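Taking it in order: structure first as structure tokens, then the write-up.
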Amino acid sequence: MSANGYEEFEAVVVGCGPGGAAAAARLADHGVETLVLERGVEAGSKNVSGGLIYGEKSAPYTAEELFPGFREEAAERPVTETYIHNVAGDRVKSYDLTDIHEHDTAWCEAVLRRKMDSWLEKRVHERTSETGGGVLTDVRVNGLLRENGEIVGVTCDELDPIRAELIVAADGVNSELARDAGLMDWEEPEEWFQGVKAVVDVEPGEIEDRFALGEDEGLAHLFSGDLFEGVRGGGFLYTNESSLSIGTVFHLDSLVERRAEPHELLDALLTHPLLAQWLDADYDEREYAAKLVPDSKKVALKEPYADRLVVVGDAAGQMQAQGPIIKGMNHAVTAGALAADAFAVTRGNADPEAAGRRYATMLEESGTMSKLRPRRYELARTVGERDLVTRAVEGVLDSPVGRLALGNRLADRALERAYNSPYLVSMLPDTRTGYVTVPTIVGEQHGRPVTWENEVEPPELIDRIGDLTYDTDVGNPHIELLDESFEASGAAVYACPVSAEGFGGGCYRAETVRTNGGEETLVSLDTQPCVECGTCAVVADTDWEHPRGGKGVEYRQG
Amino acid sequence: MNCGRTRQVIEMDPGEHTVDELAEEIASIDDVETLESILDAERGGDDRKTAKEAIERRIEAVGEDEPTEDGTASADDVDGGEGSEGDANETDDDAGDADETDDDAGDADGGETSDGDTGEADEDDEDDGLSHPTRDKKHVRALQGGDYEDMWVFCETQAGELTDVSKEMLGKARELMDAYAEEYGDEEDVVAVVIGEDCAELAEETIAYGADVAVFHDDPRLSRFVHKPYTEIAAHMARGQGSLESTEWRAYDEPRYALFPATNNGRDLSALVQAELDSGLASDCSDLFIEDVEISNPVKTGEPGVKKVFERVLHMKRPDFSGFEYSTILCLDNPDRDFHPQGASVIPGTFEVPEPDPDREGLVVEHEMELEDWFGVEVLEHDQLDEGVDLTGHEVVVCLGRGIGDDPTLGMELGLELTDAFEDAAFGITRGIVTSSYQFDGHVEAYSKEERQIGETGQEVAPELYIAAGVSGAVQHKVGIDDSGTIVAINTDPDARIRDFSDYFIEGDLFEVLPALTEAVESGELPVEALADGGIDR
Ligand SMILES: Cc1cc2nc3c(=O)[nH]c(=O)nc-3n(C[C@H](O)[C@H](O)[C@H](O)COP(=O)(O)OP(=O)(O)OC[C@H]3O[C@@H](n4cnc5c(N)ncnc54)[C@H](O)[C@@H]3O)c2cc1C
Ligand SMILES: Cc1cc2nc3c(=O)[nH]c(=O)nc-3n(C[C@H](O)[C@H](O)[C@H](O)COP(=O)(O)OP(=O)(O)OC[C@H]3O[C@@H](n4cnc5c(N)ncnc54)[C@H](O)[C@@H]3O)c2cc1C
Ligand code: SF4
């Protein structure tokens, strides 16, 4: 307790995902008294990823180094083979991506977040307890505590304000702290992806049979092409111990522009003939989940700090989409650990921003920043992403000459090489060309027909919602719709992963209402089915917060 | 002697008088209580039959006199004020109003005021020279040709805040008076009235919501609504009584218009204040507008066969007693007697809460008045009742879902009619309705709230018969009705989920099926008991 009655710690870490866990563990290693606040009933109950966590050879930290036993106890299966499938109708051309997958990769594990994060939480609690802190769950931080305009701590729904010398915002995408500090806004759909995932149950032992794997082997399949209604993005399938993670990741602006329904895009993947080899009529979905994913190329903060606040992981936009490969968790781990180290070396410095500045320097020097914001991309983007250029390239590709060029044998080999080149992949501009047109033409020209009959009947949205666990904060909705006009907020009816046009049981619904005289389409909102993905914070006009501690959706898989 | 009552000290012992003397003596006493104490004294003393009869006769005479005295029965005036609107309207309106008016009058009668009034009026008319606590009270009775201005909004507060309905009324009043200024070229004010404890700030706040003037009365004893002092203060304010400083902003007799919230306390206050001001009241209104109107009723025009235009008349729309038709109520002056302020109480939620404008400027006036001994009722203890509606414990529950979307108000009306057709039924809704953006008309709006939600995050019900119309049957709804006896579903979609757990599934449009069901129930064609038992064959 400090003199003015506030609770006081040396460091407070908000969020116990990989970023927060790494920061807290490292802080404890340095002997810092550290309090970790997590809004879920348990760490992981709010979190979703694909999820492959990488141990990069070039990275200063990996989860296994920070938390010995991580791979063995917190993860599902290592990834030993990687493929990408270019789909054009029922023609598919697959390439082996194992080379790029292994580039700079010390290890890679498929994880489920409830299991992984709750395991991390226990380790973090053990370690932070030794230095006078610990982990508190069911606590939502709702803002920054300021004194004379300077950030000095955090305020919570459930606890009195807490002061600290270091505040680590590891609160993930849609970070309320980064927003409060003025570091992030949630305005531009181009800056985000939306990820949607189904965890599919498989009998123990079945994975090995269906995928021809040994006990300690696992697979990653990536999908692109025309199976997603022209929406920019792709799909994935990862093997867990006795389940599959199957999902999609799309550019949010593209979802909005195409008025696509995320759950239908997921269904398009689940029901594609290609997946018939791995799924059958006994399809049993354990969990449906979704979350926004920042695009580091656009939003990774160059100065991820303000006063005593440092921002790590998704909260700082440190989520790298390297073509079809997604790396967020590993960078969150690195950033969290570096932020802790920065505090350790600047401790006692009178300048409140010393730790933050040091942390930013360490991100640069460790090469992390150049992975998140590759200079090559910044250059390529200036030409590649312009509409005109896109259209011109599309035109050529679509012409017989273009098809011929991509279609010849030489191109085939060049393509496989191209996909496996980290340089080329990181340069692929975020346009239809890279995501849809090229893979589709590749599928068309090189693919072989896939005609297996897919018997999967994915559950309807109403059942997906029904199967989720909620602790509803009755009478206390966490999202407020500020503008109910369709122009302002209609995009959420489509883009919200638990809403759909014509579906009355979702969060967002378009309703034609008669007002004095005229007719008008309005949007209404029920936050009870909300999975807290963050999408509507960007695409609709809302006042958006997370629910109070322990309230809202609870993921069992993640 | 047992006559040391509060109202009058009795110096008279009936035993000292012969029966004849006694009769003469009591002929000048008009106070029933005094007479009763004399009667008691006689009973306790000589107990003469003839003496008792004489006193009883006098009591009877006094009692009969009372209501016929001029201005005593305030309820009559309410009737008079309100009855007049029927003139401008069709007859069925009349019926509706009359009913409602009686209600209001009944309220006023049943309350302590009418007693009080009766006494007071007596005293005003015939000074019996005795000491009455309120006899020095003077107020202007029914005016004729008075000056009226402004729209007064009586704001309700709760837990130190303006209630939403207060803000809604302020917003509406602003809108009405802006239009009024445009139409008639007279800038008149919206005047907010705030009564309570520590309410100066709330008075400030009413300016931001549209008031031009805010008059407040602050007193710790007014922390919660007590009808006597509240009524006295409100009427005092409206008549412009009080110190010079607190009243110099205005130059009229009484407000032109008055708005009250149709809440529990607001209903109380509106009836009392309007009666006190000798005007009428249109209660539970759901729309308001100001317009001229041409009237031919001789009661209003003064001459048969003559038409007269009444200007600036507040048209007060309210659902009639069935709830499904509207009456427009007008409060018009008679040739020899004014009915002002034209007063209405407004159903909460009818109008929008306006965006507050903190930069709006207005005048805040503290009202001054000696509060008399009006605090005879003291709240010693209070208990917050569980809010809302209890849907459990009924034989039948009718529940509506988003299937009403094509015409939400009509859908609600049909659902309510079916509910009414049963002897013991409750009316519920799905969460889908609670969270919709449907624009319900005022009279059904109240039925669209969370307090009627059935399901996991609402109420769980277990009636013998559950009727779900336009409900898809989501699992979170299902868990709230699982223990019901017989489940009947009406849905246009034969694949709707609810079919899986319905005993009877009627594939059809609820807008057609509900009225047919209502008719069947009312005519006794639908054997409810048999249905509830699940015992009829299909
Ligand atoms: C479908 C999908 C697929 C993905 N695939 C991959 C992949 O294959 N590989 C990969 O590396 N990454 C992947 N990602 C991205 C990855 O999940 C994130 O980058 C990563 O989780 C970021 O970690 P973090 O610690 O920064 O944030 P998070 O893991 O989001 O953790 C934030 C924590 O803070 C808590 N919190 C939030 N707000 C508050 C508050 N106000 N008060 C208290 N606690 C709070 C949350 O409950 C949570 O526990 C994927 C994401 C999605 C959605
Ligand atoms: C955590 C959580 C808690 C929840 N708690 C509750 C709860 O307590 N209570 C609750 O009700 N819901 C609850 N819900 C919401 C629930 O999932 C559904 O969204 C909701 O019940 C749907 O309401 P509905 O049936 O009115 O609308 P819809 O699902 O939109 O169904 C409307 C139905 O009307 C039919 N229809 C359309 N037109 C007509 C017509 N003209 N005539 C007849 N039928 C017509 C349609 O075929 C459709 O079946 C909860 C959800 C969550 C996630
Ligand atoms: S309501 Fe918003 S945050 Fe919740 S699931 Fe839908 S889009 Fe995501």
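Before moving on, here are some points about what is shown:
- Where a residue in segment B:476-487 is within 13 Å of chain A (Cβ to nearest Cβ) and its partner, wherever it lies, is aromatic (Phe, Trp, Tyr), with Cβ under 9 Å and at least six apart: B:476/A:470; B:478/B:501
- Pick from segment B:402-411, criterion at pLDDT 95 or above and in contact with a strand residue (DSSP E or B) (Cβ under 7 Å, 6 or more places away or on another chain), ranking: farthest from the other protein chains (Cβ to nearest Cβ): B:411
- Test: residue B:464 is of a type in the set (Asp, Glu) and within 14 Å of another protein chain (Cβ to nearest Cβ): no
- Scanning segment B:335-353 for residues that are out of contact with any strand residue (DSSP E or B) (no Cβ under 6 Å at 6 or more places or on another chain) and either open to solvent by 60 Å² or more (accessible area, probe 1.4 Å) or at pLDDT 95 or above (or both) yields B:335, B:336, B:352, B:353.
- Cβ pairs under 6 Å, 6+ apart, first in segment A:533-549 and within 16 Å of ligand 2 (Cβ to nearest atom), second acidic (Asp, Glu): A:547/A:473; A:548/A:157; A:548/A:473
- Of the set (1) surrounded by fewer than 24 Cβ atoms within 10 Å (Cβ to Cβ); (2) charged (D, E, K, R); (3) in contact with a helix residue (DSSP H, G or I) (Cβ under 8 Å, 6 or more places away or on another chain), all apply to residue A:8 but (3).
- Any hit, segment B:422-440, residues being more than 14 Å from chain A (Cβ to nearest Cβ), of a type outside the set (Asp, Glu) and closer than 20 Å to residue A:511 by Cβ: no
- Of the strands (runs of 3 or more DSSP E) lying entirely inside segment B:231-304, those containing at least 2 residues that are among the small types (Gly, Ala, Ser) and buried (at least 20 other Cβ atoms within 10 Å of the Cβ) span B:282-285.
- Of all residues in segment A:39-48 being away from ligand 3 (no atom under 16 Å from the Cβ) and open to solvent by 10 Å² or more (accessible area, probe 1.4 Å), the one that is nearest to the other protein chains (Cβ to nearest Cβ): A:41
- Selection count where residues are part of a loop (DSSP other than H, G, I, E, B) and closer than 30 Å to residue A:81 by Cβ, scope segment A:173-217: 11
- Some residue of segment B:344-362 being more than 14 Å from chain A (Cβ to nearest Cβ) and polar (S, T, N, Q): yes
- Checked against (1) among the hydrophobic types (A, V, I, L, M, F, W, C); (2) at pLDDT 95 or above; (3) open to solvent by less than 10 Å² (accessible area, probe 1.4 Å), residue A:236 passes all but a single condition, namely (3).
- Residue within segment A:129-138 that is surrounded by fewer than 18 Cβ atoms within 10 Å (Cβ to Cβ), free of Cβ contacts under 8 Å to residues at least 40 places away in the same chain and closer than 28 Å to residue A:288 by Cα present: no
- Failed condition for residue B:459, given (1) over 26 Å from the mean Cα position of the chain (by Cα); (2) open to solvent by less than 30 Å² (accessible area, probe 1.4 Å); (3) of a type outside the set (A, V, I, L, M); (4) within 14 Å of chain A (Cβ to nearest Cβ): (2)
- Hits in segment B:217-230 - residues which are in a helix (DSSP H, G or I) and crowded, with 18+ Cβ neighbours inside 10 Å: B:222, B:227, B:228, B:229, B:230
- Condition check for residue A:548: within 26 Å of the chain's Cα centre (by Cα), charged (D, E, K, R), modelled with pLDDT of 95 or more and closer than 21 Å to residue B:475 by Cβ: no
- Residue within segment A:92-101 that is in the same structural domain as residue A:213 (by TED's automatic domain parsing), crowded, with 20+ Cβ neighbours inside 10 Å, modelled with pLDDT under 95 and among the charged types (D, E, K, R) present: yes
- When A:219, A:279, A:227 are checked against the criterion of being among the aliphatic types (A, V, I, L, M), away from ligand 3 (no atom under 16 Å from the Cβ) and under 21 Å from the mean Cα position of the chain (by Cα), A:219 stands alone in meeting it.
- Evaluated against (1) buried (at least 16 other Cβ atoms within 10 Å of the Cβ); (2) within 11 Å of chain B (Cβ to nearest Cβ); (3) not hydrophobic (A, V, I, L, M, F, W, C), residue A:459 falls short on exactly one condition, (2).
- Counted residues, segment A:524-544 - those being within 11 Å of ligand 3 (Cβ to nearest atom) and over 18 Å from the mean Cα position of the chain (by Cα): 8
- Of the numbered criteria (1) in contact with a strand residue (DSSP E or B) (Cβ under 8 Å, 6 or more places away or on another chain); (2) at pLDDT below 90, the one residue B:394 fails is (2).
The values are calculated or read from the model by the stated rules, or taken from the named source; none is laboratory data. For clarity, every value in this text was computed on a predicted model and none was experimentally measured. Virtual Cβ from ideal backbone geometry, glycine too; neighbours counted across all protein chains shown. Calculation scope for accessible area: heavy atoms of the full protein, side chains included, ligands and nucleic acids excluded. Shrake-Rupley method; radii C 1.70, N 1.55, O 1.52, S 1.80 Å.
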